[in-house]
Each structure stands twice: as structure tokens, then as C-alpha cells.
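The values are calculated or read from the model by the stated rules, or taken from the named source; none is laboratory data. Values in this document were obtained by computation on a predicted structure and should not be read as measured data. Glycine gets a Cβ as well: all are built from the backbone with ideal geometry, and neighbour counts include every protein chain shown. Remember, those area values only see protein heavy atoms, side chains included, never the ligands or the DNA or RNA. Shrake-Rupley method; radii C 1.70, N 1.55, O 1.52, S 1.80 Å.
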Amino acid sequence: MWGLRVFLVLLTVNNLTMQAEEEFARMRIFKQAVKDESVILKKVIGRDGQTYKDVFAVIIQTELSQLVYSSNDDNTILKVERNPGEDILYFKTNPDSNILLTFSRHRYEPLTVYLYNYGVQFETGKAWRLKVIRTERVQKLNIKIETQPKASKVLFDSVSIPIGKEYITTEGIYDIIISRVGYDTLIDKVLVTEDATSFKYDLKLPIKIHTIPKEAIVYIDENERVIDGQHGITPDKKHGIEIKWPGYETIHDTIEVSEEMSENERIFSFKMKQRDEDKQKFNSGYVGGLKVEYEPDLPKLGDQDLGNSFSLAVSLDIPLGIPLFSLTAYGGGGFGILQSETLQNSETDMFFFGNAGAGLQMNLTRNATGVYAKGVYTYRSVSFNPLGSEVSTTYSATGYAAGGGFQLTPSRNLSYRLELMYNWLEFDQVKIYGMPIDLEQTIDASGLTISFYLLYRYSLFE
């Protein structure tokens, strides 16, 4: 009778043990993944029969048989090879993804992990070893979260927990939200394991950084880039500031904030100084070069239609010592096409002319590449032999021209310009065989010119 009772007690204890195992049996990852340098993958034939080249592998070492694997993307796992003591999982390489892998087994609680959090790198042709072990029961871990300064509230997986004191939980990945009045809210994701139970955070005060020019790039402590002028820094500590932008001198400075500072006091403004060589580049020295000019529609002189013209001139800019302004001058000559209604069969001939001008140029930007405007007093002399005769006739015109253009400076001394100018000219003098002839009325010679410059700069600030 006593033997029967002992047997029943043992049977009951055994059943309770099995039930506990069914309820609490768990898997967990044992430490971080290790790269297997001996494995080099070139191609893999997937479950669908296709051949894949951009693949990597995760070798699961475990004593648990018949594990079932699934991921956040059904197409991610290309193939599973089962071997004694290890399973090999093949994945398509996608550096931008973070694979969420789930391990399942009968009578075990599913284990879901992000491979990246355990040190698996998604590198083509490489393999990583990950060990999965069995946990007989749910292991309780005492974790501790500390902040500087002390936070107002800490949410651990949506549960408010005591700050700076131990809190009991289990292994896994948890979301953390830490807040304090006046500080940036901190959001993080932590992996709790036997080896990682203590977490420390520095809370940051929000600041704003304004720069001139506003496009400047700001770095804090050498590597943290400020986006949209807003950032967070730890209080009561000096932080290095570096501000960069092409054409300007780099700013190196330090800033420090404290809780006592108001929101306005945590706004920092920096005005960058343009480099002398770039600030003066438009206006730094003699700028000389060649100018090719095209005038699409010249006026008529009697029954002679001057058509269009091309000219080549020498150009020179001289700084005035006033920021953005320079004296500009040019002079040269060219040719055009003469068309006369009295010529038989509408024959054409050429005419030659000279032009010159001097005026003021204003650069609308400080950089060597930019827009400029100019106005000049201009002179033009046109000479041709009408009807192909021996008679040499010269017309002269004076007036003004105004317009602007765009300058491109690909190197320190070489520049290109594309320019549009409108000329207000009147032919007010004519000479035949060099003898002046009075015109009954002036002839309007106004029109648009398109010019291309090739310039070389000799700087006064070398």
C-alpha cells in the first residue's frame, strides 16, 4: 500500500515537472555571433531552384532538433541545410535590411531576434555562427537604468520603472523611452542578456545653431552633424563646434549649456568670414582675356542690310578698391555679312568694323562663380565698300550698353563668362574716302549682343 502511494507521488511530481517544462521551456541566443572565416560562399541554389550569388549564411549551432525558422520576409531565407548539431540558413544579401528571425519548436516558446543585434553582418559570401541553447526556465534578470541628470520618467517596454534601481525582467529586446522636462526625449532599443543588465544614458538639452551663410555644415564634437540647425548636447560640458562651407574660413569654437539657461540663451549664431582669396576673386586683380561677340540683327544703312556680325575683342577688368565693383573695358574688331537690295541676285558681301567700350561692372555675388551686371559707354565703327565699288565708306556710332551675365570660375585664375547686353547706339557720322559727310538724320543702331569671354586673372593678392 505504501509502495503504491510512493509511486503515485512520484508520478504526480513527474507530471508537474513535465507541465512546468512545457510552460517554461525556452530558447535563447548564447553570446554574440562569430564570423566563420573558413566559409566562402560563391553561389547557392535556393528552395525555388534558382541560383543566387549575392548571399550570406548563418550557421545555427544547437542541440535542439527540428527547429523551424521564419523571417520578416518570406523570401529572405533561400534555403535551410540541416546537419547534426547545426543548421545552415542562407539569406539574400541586402545591407539595408534588418532581418528579424524567429526560432520555433514544439513545446518551446518562440524566440524572435534581430540578427544585426547579435553581431551578424550582411556581407556577401560570408558566414556567421550563432549558438542557440535551451533554458529550462524563464531566467529572471535584475536590470538597472541610470541617467545623467536623473530622468523624470523611464518607460521600459511601455512600463514605468524605478530610475536608478533594479528592475526584474527576462532576456530579450526592449524599447526604452526616457524623458525629463526641458530635455530631448531619448528613445532607444536595448538587448537584455546575462552579460548586459546595466544601462547608462546622458540626457541632452536642445540647442539651435544659426549660421551665415545658412547652408553651412555644422559638426559638434567632430562627428555629429547638425541637421536643420537643431541638435541636443549634454549639459555642463564643453562641446567643440566646427562649421564649414566652400569659400569661407572654417570656424572652430566651443559651446556649453546648462539647465539654468533659457531656450533663447541656447540659440547660437555664427557668421562665417569669407576667405580673402575668394572674397576678392571677382575683384582681386587685373582680369584680361578674349571676348567673342555675336550680334544677330544689325540695322540698315540706306539700302544695305548689315545682317549679323561677329567680333573678337580684348577685355580687361580693373578693381576699384570698392567691394564688388570693378572697371571694365574692351576693344577689338570683327566682320559681318552685308546684304543689299540693289545687288543683283541678292548677292552678299562682307563688311568690317571695330568696337570699344568702357564702364562699370558690379558683381552680384561675392564668390568667383556668380552673376554680375554692367553698364558701358561704347563706340562702334563700320567700314565697307557698297556695291563692291572702290568707294570706302565708314559709319561711326556711339552710345550706351547695359546688361549682365554669369561667370564660372573652375580654377583659381581661369574664368568663363556668358553675357547678354543691349546696345543703345546711333550712327551719327559717316566718312567717304575719309572725308566726313553730314547725315540728314541719325541711324538707329540699337540691338542685342551675345558674348562669350575667356579670361585669365592676375591677382594682386598673391
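Worth pointing out:
- Evaluated against (1) in a strand (DSSP E or B); (2) modelled with pLDDT of 75 or more; (3) farther than 25 Å from Ser383 by Cβ; (4) open to solvent by 60 Å² or more (accessible area, probe 1.4 Å), Pro410 falls short on exactly one condition, (1).
- Residues in the stretch 215-231 that are open to solvent by 40 Å² or more (accessible area, probe 1.4 Å) and assigned to a loop (DSSP other than H, G, I, E, B): Glu215, Asp221, Glu222, Asn223, Asp228.
- Residue within the stretch 41-56 that is modelled with pLDDT of 85 or more, under 28 Å from Gly172 (Cβ atoms) and in a loop (DSSP other than H, G, I, E, B) present: no
- Single residue of the stretch 159-172 satisfying the filter (within 26 Å of Ala33 (Cβ to Cβ) and outside any strand (DSSP E or B)) that is least open to solvent (accessible area, probe 1.4 Å): Thr170
- There is at least one residue in the stretch 98-109 that is of a type in the set (Lys, Arg), part of a loop (DSSP other than H, G, I, E, B) and modelled with pLDDT of 85 or more.
- Pairs where the first residue, in the stretch 173-199, is closer than 19 Å to Lys140 by Cα and the second is open to solvent by 30 Å² or more (accessible area, probe 1.4 Å) and not in a strand (DSSP E or B), C-beta under 6 Å, 6+ apart: Tyr174/Asp157; Asp175/Asp157; Leu191/Asn117; Val192/Glu171; Thr193/Glu171
- Pairing residues of the stretch 440-458 that are within 19 Å of Gly332 (Cα to Cα) and in a strand (DSSP E or B) with residues that are at pLDDT below 80 and of a type in the set (Lys, Arg), at Cβ distances under 6 Å and at least 6 apart in sequence or on separate chains, gives Ser451/Lys291; Tyr453/Lys291.
Per-residue answers, yes or no, for (1) open to solvent by 80 Å² or more (accessible area, probe 1.4 Å); (2) small (Gly, Ala, Ser); (3) at pLDDT 80 or above; (4) over 52 Å from the mean Cα position of the chain (by Cα):
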{"residue": "Asn385", "(1), (2), (3), (4)": "no, no, no, yes"}
{"residue": "Gly388", "(1), (2), (3), (4)": "no, yes, no, yes"}
{"residue": "Ala402", "(1), (2), (3), (4)": "no, yes, yes, no"}
{"residue": "Met421", "(1), (2), (3), (4)": "no, no, yes, no"}
{"residue": "Trp424", "(1), (2), (3), (4)": "yes, no, yes, no"}
{"residue": "Glu440", "(1), (2), (3), (4)": "yes, no, no, yes"}
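- Pairs, first over 15 Å from Pro110 (Cβ atoms) in the stretch 55-84, second of a type in the set (Phe, Trp, Tyr) and part of a loop (DSSP other than H, G, I, E, B), C-beta under 8 Å, six or more apart: Phe56/Phe122
- Filtered residue count, the stretch 187-213, keeping only those that are open to solvent by 60 Å² or more (accessible area, probe 1.4 Å) and in contact with a Gly (Cβ under 7 Å, 6 or more places away or on another chain): 3
- You will find that of Ser269, Ser262, Ser258, the residue that is at pLDDT 80 or above, open to solvent by 30 Å² or more (accessible area, probe 1.4 Å) and in a loop (DSSP other than H, G, I, E, B) is Ser262 and no other.
- Residue check for Glu22: at pLDDT 85 or above and within 26 Å of Glu109 (Cβ to Cβ): no
- Every residue from the stretch 140-158 that is over 18 Å from Asp195 (Cβ atoms) and open to solvent by 30 Å² or more (accessible area, probe 1.4 Å): Gln148, Lys150, Ser152, Lys153, Leu155, Asp157, Ser158
- Under the condition of being modelled with pLDDT of 85 or more, open to solvent by 70 Å² or more (accessible area, probe 1.4 Å) and assigned to a loop (DSSP other than H, G, I, E, B), the residues counted in the stretch 78-97 number 1.
- Exclusive hit being open to solvent by 40 Å² or more (accessible area, probe 1.4 Å), basic (Lys, Arg) and at pLDDT below 80, set Arg180, Arg129, Arg137: Arg137
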